[in-house]
1. Counting only protein heavy atoms and a 1.4 Å probe, tell me what percentage of segment 1-97's accessible area is made up of carbon and sulfur.
2. I need the Debye-formula profile for segment 5-56: one equal scatterer per C-alpha, no solvent, reported as log10 I(q)/I(0) at q = 0.13, 0.21, 0.30 1/Å, two decimals.
3. Does segment 1-104 come out rounded, prolate or oblate, given a ≥ b ≥ c as the square roots of the eigenvalues of its C-alpha gyration tensor, rounded meaning a/c under 1.5 and, failing that, prolate meaning a/b above b/c?
4. Taking 0.36 nm per residue of sequence separation and subtracting the Cα-Cα distance, how much length would be gained by fully extending the chain between LEU14 and ALA107, in nm to one decimal?
Amino acid sequence: MPTIGRLRRRLDFLAAAQGRRFHTERMSAQGRLRLPDETRDGAPAEGLFLGFTITKRVGHATERNRIRRRLRSAVAAVAADAPAIGADVVVIARRPALDAPFESLVADLRRALHTVTRPASPRSGDASRPSPSPSRRGGSRSGRGANAGGTPPFPSTSKAPDGSTDG
């Protein structure tokens, strides 16, 4: 049975937020695969590391703690099936996790772990695929934009009625 470590540092939570995502009505999961040479507290980081985020928006402290306890026991139930891959995963709980059947929490967590820790599949035919053209930002299809005549949209200096310039 693989051991599941605990995410403790804010930087690890932020790094996981840059990875893949999985959403259900009871939770969201964010995860990233770690590089093989990454370390945690001076030791090589091996296996799965998990963190929970349960905001005050979900409910009062007793409700948040109850959700956290339910999610921890769901992690214990899923630990045997957890992928044995170096990854950081953050589970963000939502209010329905408080009253949801425990089996649905376990099923959601199992699907979330497999989704966010899935290795990136190599794309076939990347070399033969043409590179995407640079994006156009507004303007007309001719590429000249609204100012095709060459005159600036606003005068470079403003002139008063008597011919003098501001400034």
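1. Ligands and nucleic acids excluded, carbon and sulfur reach 52 percent.
2. Listed by q, the Debye log ratios stand at -0.34, -0.82, -1.43.
3. It is prolate, given that a/c is not under 1.5 and a/b is the larger ratio.
4. Working: separation 93, 0.36 × 93 = 33.48 nm, distance 2.52 nm.
Stretched fully, the LEU14-ALA107 segment lengthens by 31.0 nm.
The values are calculated or read from the model by the stated rules, or taken from the named source; none is laboratory data. This structure is a prediction, so every number in the text was calculated from the model and none was measured. The accessibility values were calculated without ligands, DNA or RNA, using every heavy atom of the protein model including side chains. Shrake-Rupley method; radii C 1.70, N 1.55, O 1.52, S 1.80 Å.
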